[in-house]
């Protein structure tokens, strides 16, 4: 029998040398005349172990990692093909604690299957949700999604079912499903991993959304910084179309739904939904005032569902296993699971899908294993560049939309970036303002001008110029941006700035400068 | 790679690209991406052709080109080195790495080495935040970039 060897094609694995490993493996297998095939899977999400090579054995898959190309001959010598012992052997993949302790619903197949094999997708439970959906009335599908408690995983946390209901009830000859895959937040990569590791789940989720709301056309708007995701996603769409999963009659149901990938052009603000719609229309990515809501007047003024990748990719399992199954995970009003992305200065970086409710401390100290540098943790930024910096004193905060809001933070797209004690929080606050200035679309004044003034004020504090007065000015400016900006870019930039100033006041009180003492 | 074509050829190629893509809904971004793939930047000569074909004003097309960081108005170097400047990479010494890259190349961000070999650009997140700091050289990604790897990347780009 042909032995199956898995070597990821995920960008994180590639960035750490997976392509060289795959080439070396292929050459070595041929040279030794072994009967084995290499499957380029997605990533399991244990990025400190990438490139993670797996081999299928009678007892299950056995993992080796992190593997370098030069390790390949010794791995084969050690009996890699039958899961043999080697210093890099990690045992059975599923038994690695980081993976074993997760609840993988949305990411159930990511890293397990060949991302561009529809047969593999079906064999691992794929398309069951869509098969059920084509036999259901649209309103019943919407009710099921509402019932599951699924909320927008892009950051806003708006109930997905309510959004779908609005589009279902809206009048329009043409309706659209737009997938927001413009994952620009630092510390996040869940969307990328789904697109590269299990693209069919997103296609299935979008097709279900189309049938549920009467939309016949879908767009995945993603980033030019994600060339690998674009390639895999586009290939998967072609395969799905050829197999009748997409097209004039989805799975032979008579419902039409087709989709394509569109690429942004390096503008962070296009992750904001109305700016994204303008960009899709071929315009400058300027934010639109709401109302009208995209659900009423979205893409080309048509009723449009705009959902994050993870929201849409969570729909198939909800339809397959039922709203109750999904809703039973989680806490409070945060139902189901959340793929947490652990990044920055950590020992064990990667993707950890789990029910809502883990505390920040458990995530940072236990699951992430503390810092990579070995120094003490100083701050954790949760929710991307617009998220707050949390100090250790807030580590008891559970991962839950409301709990984070209560601490003046947000879970956003669920990325956490850990900083060790060498971080300068005034510098981080200044960067938040600088980033906002670079990426502002320019439509509203608080964001466009406020961010530039914010950088200047932060510089004055750093230079020791009237620090007390300037700290008050910075707080006042943040207040104006928070309440006066049109979208979350200007509106949420105050979160990292104010949290840095509130929780780390020592970094905002540098020694007075000479020129200030006149 | 950037090939300098005569003005008439640019217009002709642009016309062909627009003809191929104008049937899409919202065709402008796909057209601009295709043009940049073709020429390495978006030559000014393209703008009137696109405007005419899509029934837009030249100002509207110019406005879109200049809104997005990706679209260049001038050719880049033969290789483009992008360094991630966002928070996750900052937490792993990204700022220091950027300074090192600038010193090695003798240029600042958004600049090209005098020999036309390398353009250095900042990027705000490559989605490789669990293996920071990260970089991209001509579309190839690199994670956990240390001094040695940076030097290797620069040497490769310089060749």
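Each residue, residue A:466 and residue A:325, gets one label point 7 Å from its Cα in the Cβ direction; the gap between the two is 6.3 nm. The translational diffusion coefficient of region A:1-107, from Stokes-Einstein at 20 °C and 1.002 mPa s with a Kirkwood hydrodynamic radius over alpha carbon pairs, comes to 156 µm²/s. Debye sum, Cα scatterers, region A:250-293, no solvent: what log₁₀ I/I(0) at q = 0.24 1/Å? Calculated log10 I(q)/I(0) at the listed q: -0.79.
Between residue A:137 and residue A:59, the distance separating the two model label sites (each 7 Å from Cα on the Cα→Cβ line) works out to 5.4 nm.
FRET efficiency for the residue A:30 to residue A:85 pair, using the beta carbon distance and R₀ = 22 Å, is estimated at 0.35. Stokes-Einstein diffusion of region A:173-267 at 4 °C, 1.567 mPa s viscosity, Kirkwood radius from Cα pairs, rounded to a whole number: 97 µm²/s. Here the peptides A:56-64, A:477-485 are ranked by packing, the mean other Cβ count within 10 Å, and the order with the highest first is A:477-485, A:56-64.
Entry note, chain B: relative contact order of 20 percent, from Cα contacts under 8 Å with a spacing of 6+ residues. Where does helix B:147-158 land angle-wise versus the long Cα axis of chain B, in degrees 0 to 90, nearest 10? Compared with the principal axis, the helix lies near 40 degrees. Note on residue A:70 and residue A:128: their simple-model spin labels are 4.6 nm apart, each label 7 Å out from Cα toward Cβ.
Considering only C-alpha atoms, what is the centroid distance from region A:79-136 to region A:458-478, in Å? The distance from the Cα centre of region A:79-136 to that of region A:458-478 comes to 51 Å. Among A:191-201, A:132-142, A:451-461, A:301-311, sorting by the average number of other beta carbon atoms lying within 10 angstrom of each residue, highest first, gives A:191-201, A:301-311, A:451-461, A:132-142.
Across every pair of non-identical alpha carbons in region A:400-511, the mean reciprocal distance, once inverted, gives a Kirkwood radius of 14.3 Å.
Note on region A:200-356: percent of Cα-Cα distances in each 10 Å bin, starting at 0 and stopping at the bin with the largest distance, equals 10, 31, 37, 20, 2, 0. By the equivalent-ellipsoid construction on the alpha carbon gyration tensor, region A:354-429 comes out with semi-axes of 19, 15, 10 Å, ordered largest to smallest.
Taking the average, over residues, of other Cβ atoms within 10 Å as the packing measure, peptides A:24-35, A:71-82 rank A:71-82, A:24-35 from highest down. For chain B, the longest principal axis of the alpha carbon atoms and the long axis of helix B:94-105 meet at an angle near 80°. Between the alpha-carbon centres of region A:245-298 and region B:6-53 there is a gap of 22 Å.
Normalised by the number of residues in region A:407-518, the average gap of Cα pairs under 8 Å and 6 or more apart makes the relative contact order 33 percent.
Here the scattering of region A:464-508 is modelled by Debye summation over its C-alpha atoms, one equal scatterer each and no solvent; at q = 0.20, 0.27, 0.28 Å⁻¹ the log10 of I(q)/I(0) is -0.63, -0.94, -0.98. In percent, rounded to a whole number, the relative contact order of region A:452-505 is 23, using alpha-carbon pairs under 8 Å and six or more apart. Put one equal scatterer on each alpha carbon of region A:296-390, apply the Debye formula with no solvent term, and list log10 I(q)/I(0) at q = 0.10 1/Å to two decimals. The computed values of log10 I(q)/I(0) come out as -0.39.
If you wrap region A:312-446 in the convex hull of its Cα atoms and look at it from every side, the mean projected area works out to 9.8 nm². Counting only other chain Cβ atoms within 10 Å of each residue's Cβ, the peptide B:87-100 averages 6.
Using the Stokes-Einstein relation with a Kirkwood hydrodynamic radius computed over Cα pairs, the translational diffusion coefficient of the protein assembly as shown at 25 °C and a viscosity of 0.890 mPa s comes to 95 µm²/s.
Under 20 Å from a point placed 7 Å out from the Cα of residue A:169 along the Cα-to-Cβ direction: which residues of region A:124-142 have their backbone N that close? From region A:124-142, the list is A:137-142.
The sum of -39500 (n - 2.57) across all DSSP H runs of n ≥ 4, divided by the residue count of the protein assembly as shown, sets its helix-only mean residue ellipticity at 222 nm to -12000 deg cm²/dmol. The Rg/Rh ratio of region B:29-82, with both radii computed over alpha carbons and Rh defined as the Kirkwood radius, is 0.98.
The orientation-averaged projected area of the convex hull spanned by the Cα atoms of region B:29-159 comes to 8.3 nm². Within the protein assembly as shown, DSSP assigns beta bridges of which about 55% are antiparallel (rounded to the nearest 5).
The mean number of Cβ atoms from other chains found within 10 Å of a Cβ in peptide A:244-256 is 0, as a whole number. Using the alpha-carbon positions of region A:45-204, Rg (one decimal) and Dmax (whole number) come out as 20.1, 65 Å. Between region A:6-40 and region B:54-93, the alpha-carbon centres lie 34 Å apart.
Remark: mean inter-chain Cβ contacts per residue of B:23-29 equal 6, using a 10 Å Cβ-Cβ cutoff to other protein chain atoms.
Where a number appears in this text, it was derived from the coordinates with a stated rule and is not lab data. A quick note: this is a predicted structure, and the numbers were derived from the prediction, not measured. Here the Cβ is made from the backbone with ideal geometry for all residues, glycine too, and neighbour counts use every protein chain on show.
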